[in-house]
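Okay, so here's the structure we're looking at.
The values are calculated or read from the model by the stated rules, or taken from the named source; none is laboratory data. All values derive from a computational prediction rather than experimental measurement. Because the Cβ atoms are built from the backbone with ideal geometry, glycine has one as well, and the counts that use them run over all protein chains shown. For accessibility, only protein heavy atoms count, side chains too; no ligands or nucleic acids. Shrake-Rupley method; radii C 1.70, N 1.55, O 1.52, S 1.80 Å.
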Amino acid sequence: MNLDQVELGSPYRVCVVNAPKGAPQMKGQLEDIGFLPGEQVTLLRKGLLGKGPYMVRIGASTFALRESEVRMISVECCLHA
């Protein structure tokens, strides 16, 4: 599932970042700020009407991401917080 589909406040683990074919640099930008396979990520808040910006915590950092960016991040349930 993608990060825009997860439950608020629950821990997940990043599987992969899938950049669109026309913007491969987006994968590198998200990885540069910490969205790497195996990292724990938590969706803290969705914007107005459940759309972006999305408030996301990865490690000790918190970021506001666009809806298009969170849709690129594939995650799985994290059994241990």
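Calculate, for the chain, the solvent-accessible area per residue in square angstrom, rolling a 1.4 angstrom probe over the heavy atoms of the protein chains. It would help to have the intermediate numbers written out before the result.
Values: 4880 Å² over 81 residues.
That works out to 60 Å² per residue.
Counting other C-beta atoms within 10 Å, and keeping those with at most 11, which DSSP coil trypsin sites (Lys or Arg not before Pro) do you find in the stretch 20-81? Show your work: numbers first, answer last.
On the way: sites: LYS21, LYS27, ARG45, LYS46, LYS51, ARG57, ARG66, ARG71; in loops: LYS21, LYS46, LYS51, ARG66, ARG71.
Counting only loop positions with at most 11 other Cβ atoms within 10 Å, the trypsin sites (Lys or Arg not before Pro) in the stretch 20-81 are LYS21, LYS51.
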Exercise. Taking the structure as given and computing Rg/Rh (Cα atoms, Kirkwood Rh), which label from [x] 1.06; [y] 0.93; [z] 1.23 fits?
Worked result: [y]
For this session: Show that you can apply the helix-only estimate: for the chain, add -39,500 (n - 2.57) for every DSSP H stretch of four or more residues, divide by all residues, and state [θ] at 222 nm to the nearest 500.
Result: -3500 deg cm²/dmol
